[in-house]
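The values are calculated or read from the model by the stated rules, or taken from the named source; none is laboratory data. What you see is a predicted model; the values in this text were computed from it and never measured. With ideal geometry, Cβ positions are generated from the backbone for all residues, glycine too; neighbour counts draw on all protein chains shown. Keep in mind that these areas ignore ligands, DNA and RNA; they rest on the heavy atoms of the full protein, side chains included. Shrake-Rupley method; radii C 1.70, N 1.55, O 1.52, S 1.80 Å.
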Amino acid sequence: IKEETRRKVIEASEQLGYVPSALARSFARSKSGNLGVVLPYVPKAHLFSAYFFSEMLSGIGSKARDSGMDLLVMFRTPGEVMNYTDLFRRQKVDACIILGARDDHGELAAMQQLQQEGHPFCIMSQHFAGESFMEVDADHVGGSRLAIRHLTDQGYRKIAFLNGPDSYSNSQERLQGVQIGLNEAGMNVDSSLLLEGNYGRRSGVEAAATIAARLDEIDAVFAANDRMAIGVMHGLRERGIKVQDFPAFVGYDDSDAAEMAVPPLSSVRVPFYEMGELAASKLIHGSLGATASSVNTEFPSETARQLLPTELIIRASSIRN
C-alpha cells in the first residue's frame, strides 16, 4: 500500500486502541502461532518446580518469545498415547516439542504418524533407535562415564548404581556409561549393585534400605538424578547413619538442590536450558521456515539427533578424605 495510506491506518489504530486478534490472524494465515510442548501428567507432582522440566521450558520459551510465538503447554492423559496429529489437524499448534516420551510401541507409532504426515516436531530426552526423528538430548553415556571414572580414580570399587526405568533411553544410556567407566578401570558390572528407582526422591529413600544394609560392601553410590541421590542420603539419615559414615555420592542433572545437599552433592551437569533453546530453534528456524532475523539461529538444524555435552561438577560428597 501507499506510505500515506499505511500512516493513516497506523494513526487510526493507535487512536482506537486497536489490538490484533490472535484468533483472526490464525484463521487468515492457517497458523496458530503456537509452539506446543507436551509434558507427562504426574499426579500430585510439582512438575514445573522440577529442575529437569523447568530449565527446558525456560529455554524453549526464550526462543519462542524471540520468534513471536506463544507456548501451548499440554499434558498427556495417564495410561493413554496422545493423539499428536490431532493437535496439528485442529490447528492448535504449528510445531510440537515432546518431553517425557517412553520407548513403547504406541508412542513410537504416534511419532511415526506425525512424521508421515509431515508435521514439524522434536523429541527431547528420548531416543527411538532406528528412526530419523528430530531429537535433542545430552551425552548421557559420556556423563555417566565421567561420574564412574571420578569415583574409580579415587579408589572406590564397590559402586552402587541407582538408575531410572529402562523404558527411558536416558536410563539405558546412563547404564552404558557406567559399564564403560567400570571397564576402563579394569572392573566389571556387579549386577547386585544395580538398583532401579523412578527418578523421584521417594524411590531414593526406598533404595536407602538396600544400601544401608550393605554399607560394609558399598563404598560409593552413583544415582541417575539428583532427586534420587538426595533421597538416598535422606533415607540413610533416617536410619541413624551419620554423614561422615556415608558412602561417596555422585548425582546427575546438577540441579539447584545439589549445592544445598548435606554434604554438597557432586553431580553431572546437563545443559537443560540450552537443550530447550536448541529444540525450539531447530523447529522455528528449520521446520517452520523462520528467517534469520526473526530468531537467533546459533544452533544448526540439519542433524536429526543432536547431543549436547555434559560436565561433572565435583563437590564434597564424592571426595575421599
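Sort largest first and round to whole Å: the equivalent ellipsoid semi-axes of region 109-162, each the square root of five times a Cα gyration tensor eigenvalue. Can you show the working numbers first?
On the way: eigenvalues 278, 20, 10 Å².
Semi-axes from the Cα gyration tensor: 37, 10, 7 Å.
Among (1) 58, 50, 39; (2) 50, 46, 45; (3) 83, 40, 35, which one is Cα extents along the principal axes in Å computed from these coordinates?
Checked against the structure: label (3).
Given R₀ = 41 Å, FRET efficiency for ARG202-ILE10 by Cβ-Cβ distance, to 0.05? Don't skip to the answer; put the middle values down first.
Working: r = 58 Å, r/R0 = 1.41.
Efficiency at R0 = 41 Å is approximately 0.10.
If you count, for each residue, the other Cβ atoms within 10 Å and average over each peptide, how do 110-121, 271-282, 228-239 line up from highest to lowest?
271-282, 228-239, 110-121
May I ask you to give the percent of accessible area on the chain that is carbon plus sulfur, with a probe radius of 1.4 Å?
50 percent
Okay, which of region 177-211 sit inside 15 Å, backbone N to the point 7 Å along the Cα-Cβ direction of ASP166?
The answer is 191-198, whose backbone nitrogens lie closer than 15 Å to the label point.
Grab the DSSP H runs of the chain that are 4 residues or longer, score each as -39,500 (n - 2.57), total them, divide by all residues and round the 222 nm result to the nearest 500 deg cm²/dmol.
Mean residue ellipticity at 222 nm (helix-derived): -12500 deg cm²/dmol.
So how far apart, in nm, are the two label points at GLN244 and ALA129 if each is 7 Å from Cα heading toward Cβ?
Calculated label separation equals 4.8 nm.
What is the gain in length, in nm to one decimal, between VAL19 and ARG102 on full extension, counting 0.36 nm per residue of separation less the C-alpha to C-alpha distance?
25.7 nm
Rounded if a/c is under 1.5, else prolate if a/b is larger than b/c, else oblate: which is region 140-270, with a ≥ b ≥ c the root eigenvalues of its Cα gyration tensor?
Rounded shape, in that the Cα axes give a/c under 1.5.
Using a Förster distance of 22 Å, how high is the FRET efficiency between ARG157 and GLU259, based on the Cβ-Cβ distance and rounded to 0.05?
0.20
Accessible area per residue of the chain at 1.4 Å probe, in Å²?
Here the per-residue accessible area is 49 Å².
What is the dipole size for region 140-270, taken about its Cα centre, with +1 at each Lys and Arg Cβ and -1 at each Asp and Glu Cβ, in debye to the nearest 20?
For region 140-270, the charge dipole is close to 120 debye.
List the DSSP H helices in the chain whose Cα atoms stretch 15 Å or more along the helix axis and whose mean Kyte-Doolittle hydropathy is at least -0.5.
Span-like helices, by this rule, are 51-67, 140-153, 201-213, 226-238.
Kindly list the residues of region 70-92 that lie in the label zone of GLN116, defined by a backbone N under 19 Å from the point 7 Å along the Cα-to-C-beta vector.
Output list for this probe position: 81-90.
May I ask you to derive the FRET efficiency for ASP66 and LEU308 from their Cβ-Cβ distance with R0 = 22 Å, giving the value to the nearest 0.05?
0.70
If I take every Cα pair under 8 Å that is 6 or more residues apart in the chain, average their sequence separation and divide by the length, what percent do I get for the relative contact order?
20 percent
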